[in-house]
Amino acid sequence: MQKIKSIIDVRKLGDGGIGVHIETLVDGLIELPEFRKGELELTLLADPKDLKRKSGSARDCLAKWRDVVEIVPEPSRKYSFSEHFILGLRQKSLIQQHSVYHAPHFTLPFFLGIPGVVTVHDLIHINAPDKFYHRIVARLMIKTATYRASHIILVSRASRWALRRTFGFKVGRKSVIPNAYRYGLGKPSDADVSRVRAKLTVPEKFVLFVGSERPHKGFAELLEAWRKISQEPELGSFNLLVVGGRFSKKLKKDIAKSVLSDRVQFMGSLSHEEINTLYHESTLVVVPSREEGFGLVALEAMKCGVPVVCSPAKSLVEVCGEAGNIAENFGEEALFSELKKVLLGGDSVDRKRKLGILRARQFSREAVAQKTLRVYQKVLGIEVTVDSSRRTIESDTAVRVGE
């Protein structure tokens, strides 16, 4: 096989779902036979701050990779003028030594001089912006990246549809490659469970929400549904645990003064290990988003063998398949009904939980790496051959190169 030298921007390590995507992508590429045989080389552009950190997921990733790949500091701020117009010039000599440049989020620098691959996770900054100017800036960044890229990777068919509806793009320049679950989502030991429960003051029985109060996350609808749950006598022992750092003081204060004061517990930002423990200890995980690019929380919950209640957002239905407990005709009433049904349990709930475990196996980092390597090969005009002995289980979310 012709040697491929890929340079990947990993400056968003540790940044939510994109950070997890970068971690699983690089881990998977390093584990490929092509990498071990020297047919694939990787260079990573990293945030200098992450290289200096003493702890954190980004620092841990860079530490485990530094002995097998070249890591180069790149100081450009994310989504900045510098990232677009200075990075390519500053790293010109390095970039020119490579075959392909991969931007695993929606900003692709100018002046690369080599084929560029860009991954678009979602269009939420356009469809549900936090501030009015986010829509303008995101639209410009995504449009210029997708029109200049040699190839576009979308993490779901839902994202592909949203991109086509918003911008349109040439046939043959896109692939759907679903995200992978993080490794390290195994069942925690009894000692770890006891430690995390004591440290975080975790109630005996709880429902888990991981996200923020941004409108598209559906947290407002969840609170109204949970208000109804709290009035059900047979469900009075369940609490709602809320994980994430983006919740306002006003919201927390309002809840503290309401009837939900002792039924909703804000946990703040937690480590991967702590979230893993909460996944395994929860009765169910709720993902009420009105829009998602992929649905990583739902996937991780299924991997941990936990029932998932979610909205009928296209990407969530795509990820969960028949394993999801979908709140159809989404709103507080639909969400309340689905939560109540799952909390009361039954054979159908247990069947979907088992389906979720099987479903999650299809979203491995090996699959992401193999399919991404295929994209690199396509961009460089290398004939793509698929070794049948290395084929992964592929669902209806499987890669579709050149659609």
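At a 10 angstrom cut-off on C-beta neighbours, averaged per residue, how do the peptides 68-77, 319-328 rank from highest to lowest?
319-328, 68-77
Along the Cα→Cβ direction, 7 angstrom out, place labels at residue 194 and residue 15. What is the inter-label distance in nm?
Going from the residue 194 label point to the residue 15 one covers 4.1 nm.
Gaussian network model of the chain, Cα springs within a sub-10 Å range: biggest mean-square fluctuation belongs to which of 195, 157, 135?
195
Got a sec to turn the phi values of segment 45-53 into Karplus ³J(HN,Hα) couplings, 6.51 cos²θ - 1.76 cosθ + 1.60 with θ = phi - 60°, whole Hz, x for Gly and Pro?
Whole-Hz 3J(HN,Hα) from phi for segment 45-53: 8, 10, 5, x, 5, 5, 5, 9, 5.
P(r) for segment 190-360, please, calculated from all Cα pair distances in 5 Å bins and given in %.
With a bin width of 5 Å, the distribution comes to 1, 9, 19, 23, 23, 16, 7, 2, 0.
Return the lysines within reach of residue 340: Cα separation strictly under 22 angstrom, same-chain partners fewer than 8 residues apart disregarded; answer none if there are no such residues.
Cross-link targets: 205, 217, 228, 352, 354.
Figure the gain on full extension for residue 137 and residue 251 (residue separation times 0.36 nm, minus the Cα-Cα span) and round it to one decimal in nm.
38.2 nm
Would you be so kind as to identify which of 261, 320, 167 lies farthest towards the positive end of the dipole of the chain, taking Lys and Arg as +1 and Asp and Glu as -1 on Cβ and the Cα centre as origin?
Toward the positive end, the furthest listed residue is 167.
What's the Cα-based Rg to Rh of segment 34-106, Rh via Kirkwood?
0.97
Can you list the equivalent-ellipsoid semi-axes of segment 107-191, largest first and in whole Å, using the square root of 5 times each Cα gyration tensor eigenvalue?
Computed over segment 107-191, the values are 28, 18, 14 Å.
In whole angstrom, how long is each semi-axis of the equivalent ellipsoid of segment 277-316, when you take the square root of 5 times every eigenvalue of its Cα gyration tensor and sort them from largest down?
18, 9, 7
Of the cross-linked pairs 249/314; 174/314; 49/92, which ones have a Cα-Cα span greater than 29 Å in the structure shown?
249/314
What does the charge dipole of the chain about its Cα centre add up to, to the nearest 20 debye, if the Cβ of each Lys and Arg holds +1 and the Cβ of each Asp and Glu holds -1?
Approximately 1100 debye in magnitude.
Per residue of segment 21-31, in order, report the coupling 6.51 cos²θ - 1.76 cosθ + 1.60 (Karplus, θ = phi - 60°) as ³J(HN,Hα) in whole Hz, putting x for Gly and Pro.
Once rounded to whole Hz, the list reads 4, 4, 4, 5, 5, 5, 4, x, 5, 5, 8.
Return one number: the angle in degrees, 0 to 90 and rounded to the nearest 10, between the long axis of the Cα atoms of helix 272-281 and the longest principal axis of the Cα atoms of the chain.
The two axes meet at around 40 degrees.
Working out 0.36 nm times the residue gap between residue 2 and residue 283, then minus their Cα-Cα distance, what length gain in nm do you get to one decimal?
Here the answer is 96.2 nm.
What does the extension gain come out to for residue 60 and residue 340, with contour length at 0.36 nm per residue minus their alpha carbon separation?
96.8 nm
What is the set of long-range amide H partners of residue 43 at a cut-off below 5 Å, with H atoms built 1.01 Å from backbone N?
Those qualifying (amide H under 5 Å, at least 5 residues apart or on another chain) are 6, 7, 8.
Nearest 5 is fine: what % of DSSP beta bridges in the chain come out antiparallel, could you say?
0
Tell me, what ³J(HN,Hα) does each residue in segment 299-307 have, in order and in whole Hz, if you take phi through Karplus 6.51 cos²θ - 1.76 cosθ + 1.60 with θ = phi - 60° and put x for Gly and Pro?
Once rounded to whole Hz, the list reads 5, 5, 4, 4, 4, 7, x, 10, x.
Values in this text are rule-based calculations from the coordinates and carry no lab data. The structure displayed is predicted, hence computed values, not measured ones. Every residue, glycine as well, gets a Cβ built from its backbone with ideal geometry; the counts of neighbours run over all protein chains shown.
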